[in-house]
1. Yes or no: C:Ser373 over 27 Å from the mean Cα position of the chain (by Cα), under 26 Å from A:Phe112 (Cβ atoms) and buried (at least 19 other Cβ atoms within 10 Å of the Cβ)?
2. Do we have any residue at all in the stretch C:127-141 that's on the phi > 0 side of the Ramachandran plot, of a type in the set (Ser, Thr, Tyr) and within 21 Å of the chain's Cα centre (by Cα)?
3. Select from the stretch C:22-56 the residues that are out of contact with any strand residue (DSSP E or B) (no Cβ under 6 Å at 6 or more places or on another chain) and within 18 Å of C:Val154 (Cβ to Cβ) and write down the one among them that is surrounded by the fewest Cβ atoms within 10 Å (Cβ to Cβ).
4. Can you find even one residue in the stretch A:15-33 that is within 30 Å of C:Leu102 (Cα to Cα) and either of a type in the set (Ser, Thr, Tyr) or buried (at least 18 other Cβ atoms within 10 Å of the Cβ) (or both)?
5. Select from the stretch A:57-108 the residues that are touching a Lys or Arg at 6+ places or on another chain (Cβ under 7 Å) and free of Cβ contacts under 8 Å to residues at least 24 places away in the same chain and list them in ascending order.
6. Among all residue pairs at least 6 apart or on different chains, which show Cβ distances below 6 Å where the first residue, located in the stretch A:243-257, is surrounded by fewer than 23 Cβ atoms within 10 Å (Cβ to Cβ) and the second is not in a helix (DSSP H, G or I)?
7. Find all pairs meeting these conditions: Cβ atoms under 9 angstrom apart; at least six residues apart or on different chains; first residue within the stretch A:120-136 and more than 10 Å from chain B (Cβ to nearest Cβ) and over 13 Å from A:Ala85 (Cα atoms); second residue modelled with pLDDT under 90 and part of a loop (DSSP other than H, G, I, E, B).
8. Just to be sure I understand, how many residues within the stretch C:252-267 are among the aliphatic types (A, V, I, L, M) and either facing chain A (nearest Cβ under 10 Å) or on the phi > 0 side of the Ramachandran plot (or both)?
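The values are calculated or read from the model by the stated rules, or taken from the named source; none is laboratory data. Since we're looking at a predicted model, the values are computed, not measured. Here Cβ is always computed from backbone atoms with ideal geometry, including for glycine, and neighbour counts include all displayed protein chains.
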Amino acid sequence: MIHASHAPHAHAPTSISRVMWLVIAALVPATLFSIWLNGWPALLLWAVTVGSAVFAEFFCLRLAQRPAAPVLSDGSAVLTGWLLALSLPAWAPWWIGALGAFFAIVVVKQVFGGLGQNLFNPAMAARVMLLIAFPVELTTWVQPAPLFSADALSLSQSFALTFLGQMPSSFDALSGATTLGHIKTELTRDISVVQALAGHGQSMSASLFGLHGGSLGETAAMLLAAGGLALIALRVISWHIPLAVLAGVALPALLLHAHDPARYLDATTHLLSGGLILGAFFIATDPVTSPGTPRGQLIFGFGIGLLTWLIRTYGGYPEAVAFAVILMNALTPVIDRYVRPRIYGHASKAASKKGAAS
Amino acid sequence: MSEYLLLLLGTALVNNVVLVKFLGLCPFMGVSKKIDSAIGMSLATTFVLTLATATTWMLEHWLLEPFGIEYLRTLAFILVIAASVQFTEMVIRKSAPALYQVLGIYLPLITTNCAVLGVALLTAMEGGSFLHTLLYGFGSALGFSLALVMFAGLRERMALAQVPATFAGAPIGFIAAGLLSLAFMGFAGLKIA
Amino acid sequence: MNILNHPIIRRTMVRWGVHPDARKQATSPQDIERLPLPAILHIPLLQHSGAPAKPVVSVGQHVLKGELLGARQGNISAPVHAPTSGTVVAISDYPAPHPSGLGVLSVSLEPDGEDRWIECAETDPFSLTPAQIAERVSAAGVVGMGGATFPSSVKMLLGQRSQVHTLLVNGSECEPYLSCDDRLMRERAAKIIEGIRIVLHAVGAKKALCGIENNKPAAIEAMRRAAAEVPAIEVIALPTRYPMGSDRQLIHVLTGQEVPSDGRSADVGVLVHNVGTLYAIQQAVRFGRPLISRVVTVAGGAVARPRNLEVLLGTPARLLVEHCGGLRETPARLLMGGPMMGLQLPSLDAPIIKGSSGILALGAHEIAKEQPSPCIRCGQCVSACPMNLMPFEMSANIRVGELDAVQGLKDCISCGSCSYVCPAHIPLSHYFDYAKGELTVRERGKLRQESIRQLTSARKTRLEQEAREKAEAAARRKAERERAKATAAQGKAS
Amino acid sequence: MIAVISLTALGVALGLGLGLAARFLRVEQDDGLASEIEAMLPGSQCGQCGFPGCGPAAAALASGNAPVTLCPPGGSALVRQLADKLGVEAVTSGMKESVPMLAVVEEELCIGCTKCFRVCPTDAIVGAPKQIHNVLREACTGCGKCVDVCPTMAVNMTPMPVTLQSWIWHKPAVAA
């Protein structure tokens, strides 16, 4: 017997595809809600993005002459496409989704060797690329018009919008800027945050239940948070990163809002807007691009939160989660290198220093 | 005080010398295989860059301007930079022979590191005070170090990844650098008022 | 003091490890049964860690039960004895119970059916000096029965030398399926307790803590009852968590101390013995009986009637399975030991040895058989690792051959927790064992090179010496010749 | 004119400064790389590398004219040491990981001529004239010199046998 099997001979009932599909399942309620809220175009964009991601994965595996079925069934491409779709404006044209998905899968993931080898979160890197390359398409928001409501687009109108770029004449595309975008614009006009918020006509409950403009994943904070908590309960993700991300945004927001409410936005609005919940529970927790140790994850998450707040407050972009995520992705190897658990039986660094000094 | 902090932040992040201005790419690609050597290179570059901006400021204000020979700026700057690199090289060789081995050819190449000359020329043109110039140089060096160490971490991970043969080595390095640069675009327009 | 290190916290909230399905119900309620005398025994001379025993019998010789077959050689070694009376029919290589399927020098014994003991008198263990106890344990060939098979006498001597204050009794039996220690504690608790007292006496320790996982309430009860009279012995129920039975983890949970990375348990003043070992020590010291049999759990989905058997060492595993009603289905994997750390057996012909805690014939649904996929760095292995290592990073380095960049390889205890939880089904602990082996080979290569260099220089000096001697001899001869010549010339002249 | 003078002055000043620095920060150039390498080689002068002995081989290594994989008796352990010493990458995968060999004397054929034991660089063959020779397993480097000189072809090279103690786990198959 040359190739004996090595212990352990038993295995926990878990697999990568189980993890991926559970994450996807946790996204379903929020996605359905957003699609209802934003109408047919949202569904079309979602379908195009997910489809393109799967096709791109298939295409790369074909090129590399690797069997496609097992890799596609692990659900990672679907998840990437899904997350990207959730971070796009609902009424963006189809090619934005397709291009983003291709970029995410081909350039950010497969070129590095596929699942587990990528350095950056594919969906977020793609979103950043789109935001820089196509700022207009990525910042055109509409006031949501729920499905089956009076002013909702019909299916055919939606096809025309998503695939042909024909905006129904009755619509004012710029009518529904996101909360953060609106405040950013108003601040440059020397209007205080308080007035801007009031002017935006946005109530807290609207934020909570997502009844406002924004990307698909921006709109259903409660449902997303519920999905995330379910994942934590199922031990698919750990609590470290989400908590640290939220804390990283909330702490500076609380402090500075208390300091100058006219200039700085309050913590609750920060937490509930701009896809932060989606980022904290579903994107920052991507295991491939986050540190492997609990302490490293806390640092990583807090860094994302802090950078998000920093860029939102002072930077040129109203929406910052994507930038913050890929910046911290880039720091992940360094964190993993220096933040590691103390190995059993090894003196801690402080203790060994003390020992050396004495 | 906060003005200087902002200057540091601005030069390190917003106008990152490597990832936004694309200067000094040679050592960025060359000495980023291991985090340890990247840290060594960062220290050396930080030292040279800070020293170089300081000396070139003196050169600019005490020699070139009084004599009205600003047209010799590039030439004179290179002379000074080359000298300070030589000096750094000797110091490293004496104090850290292992690091000297690791840095290899890239150490003398700091001389031709366009980041050093670039930052020196930029500060000379901006014509700020001595402290301003010094902090500008130091901030740029911090930005260079940050980018280099981050990138070295990424490359250490890439060394363990199963990158397709077509992309293995330099190509994937450039792709990763591009994505890193994309990430730094997030700092664009960062203004702390 | 660190609140997390308070005994109550420490012994209830264990943060490392995994929860494999225990599957002990099939065997744990049934009494230990004695296996009838087999027709042939193959007793390997290497059943312990260290140097193999040296055969002291010859083919055709008749031996009595308990007679020495192989003597210990070297510092870390253990003798091997005849499990029953009979005739030695061969001393040759026989397949070892090891995944390599390699042969190991074994004594094949044909029992005569009389099962006649050599003379062994009963003595009061507490009248013996610690040195005498250690000598008896050594002569009886007792080794760690939990699977590590480290010679117990060596451990005991180490303990005597280095101020051991506490004896830790390992009754955790954290491997799934196995229940041999559980049964032993239920049925022979008094003898184990005496074994504990003997070791306490031998190493001069003040107290003993006996840790038993709380999924074995009957064993805890039995041990508590047996230890009621002995105040020095405390029986402690531990949380059920794999690998609680690992020395280092047990020491930390029970005492709150960590064994230094390059040290032994004696360095923190404790000594760990498995309950099976303590039973063997009691038998050896009180009755002078060498270690010739052990309790083995025969279990797994493919076994018709799983149970615990008391078996003579050297019995082919096939006989155990046959006694348990044979195989119900073709086993997907045969194991010696538990499913977490056990070794795959090449065949059921492999003999039972001192460290065989179980023979498992697992059905297809019981084993891990998914193909590995790429690591997604989820960190499950990091939280499962009882030694706080970063397995995913270690295996990535090993995969690309960067063995020197692997951190903590020496600290890995090969418990398999990381592989067990890995959602990508990466054989992490296999990687680590491969790397450990590879590093040993390198180390051996270095030593070999060193010895070659010494031999070469020895040869050089030898050649030089020879040349010098030759030259001296030639010079002497020349001088003699010249003297002779001179004398002759003188004679001629005179 | 001013330009010329000022730049010259600058050059002279910097040159002087560097000269002084060079004096104060001088590092002793360590020579004798070849002899250091020679100390690392087995020193059995077996000639399997193609050089006349370990000394020339070390010189060739030091000057970069020989690959670090040149020494079969040293095995992969030596390759790694040499690679570290010379600061090159150890390409052990390219080197055919040759199984360590062992000389075995066939007793029926040996005539006890002592030729083998005179050429053995490590005195691994024991015996005396007119007596059957034996090979010490620990000392044999597998250089094969004895095979060449044996008049009766009684010496053969066989791979070192794997025992339970020397067996190690194979490398796991790489994940797809």
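1. Details: over 27 Å from the mean Cα position of the chain (by Cα): yes; under 26 Å from A:Phe112 (Cβ atoms): yes; buried (at least 19 other Cβ atoms within 10 Å of the Cβ): yes.
When the stated conditions are applied, C:Ser373 passes them.
2. For the stretch C:127-141, residues on the phi > 0 side of the Ramachandran plot, of a type in the set (Ser, Thr, Tyr) and within 21 Å of the chain's Cα centre (by Cα): absent.
3. C:Ser49
4. Checked against the condition, which is being within 30 Å of C:Leu102 (Cα to Cα) and either of a type in the set (Ser, Thr, Tyr) or buried (at least 18 other Cβ atoms within 10 Å of the Cβ) (or both), the stretch A:15-33 yields no hits at all.
5. A:Ala68
6. Cβ pairs passing all conditions: A:Leu256/A:Tyr264; A:His257/A:Tyr264; A:His257/A:Asp266.
7. What qualifies is A:Phe134/A:Ala92.
8. Matching residues across the stretch C:252-267 total 1.
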